[in-house]
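Written below as structure tokens is the structure these notes are about.
The values are calculated or read from the model by the stated rules, or taken from the named source; none is laboratory data. All figures in this text were calculated on a predicted structure; none of them were measured in a lab. Note: ideal-geometry Cβ built from the backbone for every residue, glycine included; neighbour counts use all protein chains shown.
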Amino acid sequence: MNDRTIRLPILNLSAAAQGVFLMLASVVLFSANCLVVKYLGTQGEVSFWAVNFYRGVAGTAFAVLLAGVGARQILRVFYRPMLIIRGVLGGVALAMFYVTVFHMDLGTASVLNLTYVLWGTLFAAIFLGERLNKMQCIGLAVAFMGIPLLTGFSLAGVGVYHLYAIGGAISAGGIVMLIRLLVRTESTTTIYAAQAIYGMLVAVPFIGLADLMPSLSNVLIMLGAGILVAGGQMVMTIAYQRLPVAQGASIQLILPVMNAIGGVVFFSESYGGFELAGSVLILFGSGWVVRAKTKKEN
């Protein structure tokens, strides 16, 4: 992709306006994927491992299509140690997120998953030597204050799925750090392919008997969910070419809000005062960390 302005059909927008439009579109696609996964969870006909597997199938096909004549580079995911680690960790993180979507309120699962921004920032400071400024530290403190609000201020309020959600976010935070290293030597397509391929492989040992012969409709739904994610990734990448990182990442913070609204509208979910307050703190703190980090880099 180059940096020239691409005119969208019908709408004659500047590059910045296109970026906002496309970033919002990616949020819609990601949220639609989460709603589809939640729907599959409510039906109880397939496991979250099957959803993980078929997302990997769709993602791998998308990566090969995107790579085109350079598809051979994707084979690097099988012998480059950092790509293998990125792929396995990504598969585990995705499984942890999907199991929480299956068994928790969609909004709560999404907000806890969002804390990967915080963990990624901490890991980069610890392992890559990136310095934290005062504003980032404040943002981290505010966001982490929101986590106990979501669990009722006590360890008794922490369920196994809360732990899965936080574990998945920690894994995703590690992935953020790995990607910062991988982009120096690997293409975006190869990095994405590692996620898709190992997402499939990680799921295979855990697929249950019901997943071996799913109905055609469920297969199509799961593949559709994978296509939504792949499309969201592509649109988000294009959007980041037209937006400052802080602005783009801030728009992505709308995702948990959309998921929560979708959970209420489509699945009759409800949220208490503590959950809402905790979510606000996490979203606000995460946004603060993102913006402070970008200002420091600039």
Subject >> Gly248, sole failed condition from (1) in contact with a Leu (Cβ under 9 Å, 6 or more places away or on another chain); (2) under 25 Å from Thr108 (Cα atoms) >> reply: (1)
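Take the residues in region 9-51 that are loosely packed, with under 13 Cβ neighbours inside 10 Å and more than 22 Å from the chain's Cα centre (by Cα), then tell me which one is modelled with the lowest pLDDT.
My answer is Ile10.
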**OP:** For region 113-130, enumerate the residues that are among the aliphatic types (A, V, I, L, M) and in contact (Cβ under 8 Å) with a residue 60 or more places away in the chain.
**Re:** Leu114, Val117, Leu118
**OP:** Check region 15-28 and report whether any residue there is closer than 26 Å to Tyr161 by Cα, hydrophobic (A, V, I, L, M, F, W, C), in a helix (DSSP H, G or I) and touching a helix residue (DSSP H, G or I) at 6+ places or on another chain (Cβ under 6 Å).
**Re:** yes
Original post:
touching a residue at least 24 places away in the same chain (Cβ under 8 Å), farther than 23 Å from Gly91 by Cβ, assigned to a helix (DSSP H, G or I) and β-branched (Val, Ile, Thr): does that describe Ile221?
Top reply: no
Original post:
When Val117 is evaluated against the numbered criteria (1) under 16 Å from the mean Cα position of the chain (by Cα); (2) farther than 26 Å from Ala260 by Cα; (3) modelled with pLDDT under 90, which criterion, by number, is the only one it fails?
Top reply: (2)
Original post:
In region 92-140, what residues are touching a Cys at 6+ places or on another chain (Cβ under 7 Å) and of a type in the set (A, V, I, L, M, F, W, C)?
Top reply: Val101, Leu106
Original post:
Mind checking which pairs have a first residue in region 29-46 that is at positive phi and a second that is charged (D, E, K, R) and at pLDDT 95 or above, Cβ under 8 Å, 6 or more apart or different chains?
Top reply: none
**OP:** Go through the residues of region 267-285 one by one and say whether even a single one is among the hydroxyl-bearing types (Ser, Thr, Tyr), farther than 25 Å from Val36 by Cα, out of contact with any strand residue (DSSP E or B) (no Cβ under 8 Å at 6 or more places or on another chain) and assigned to a helix (DSSP H, G or I).
**Re:** no
Subject >> Of residues in region 193-213 being modelled with pLDDT of 90 or more, crowded, with 18+ Cβ neighbours inside 10 Å and not hydrophobic (A, V, I, L, M, F, W, C), the one farthest from Ala71 (Cα to Cα) >> reply: Gly199
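Does Arg131 qualify as being closer than 23 Å to Met236 by Cβ, charged (D, E, K, R) and either out of contact with any Phe, Trp or Tyr (no Cβ under 7 Å at 6 or more places or on another chain) or assigned to a helix (DSSP H, G or I) (or both)?
Spelling it out, it is not the case that Arg131 is closer than 23 Å to Met236 by Cβ, charged (D, E, K, R) and either out of contact with any Phe, Trp or Tyr (no Cβ under 7 Å at 6 or more places or on another chain) or assigned to a helix (DSSP H, G or I) (or both).
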Original post:
Of all residues in region 214-228, which are exposed (fewer than 13 other Cβ atoms within 10 Å of the Cβ) and either under 14 Å from Ser47 (Cβ atoms) or over 22 Å from the mean Cα position of the chain (by Cα) (or both)?
Top reply: Ser215, Leu216, Ser217
**OP:** Check Asn133 against each of (1) of a type outside the set (Ser, Thr, Tyr); (2) in contact (Cβ under 8 Å) with a residue 12 or more places away in the chain; (3) buried (at least 17 other Cβ atoms within 10 Å of the Cβ); (4) farther than 21 Å from Val280 by Cα and name the one condition it does not meet.
**Re:** (3)
**OP:** Considering only region 144-192, state which residues are under 24 Å from Ala260 (Cβ atoms), at pLDDT below 90, surrounded by 15 or more Cβ atoms within 10 Å (Cβ to Cβ) and hydrophobic (A, V, I, L, M, F, W, C).
**Re:** Ile147, Leu149, Leu150, Val158, Val176
Original post:
Does Val92 satisfy being at pLDDT below 90 and hydrophobic (A, V, I, L, M, F, W, C)?
Top reply: no
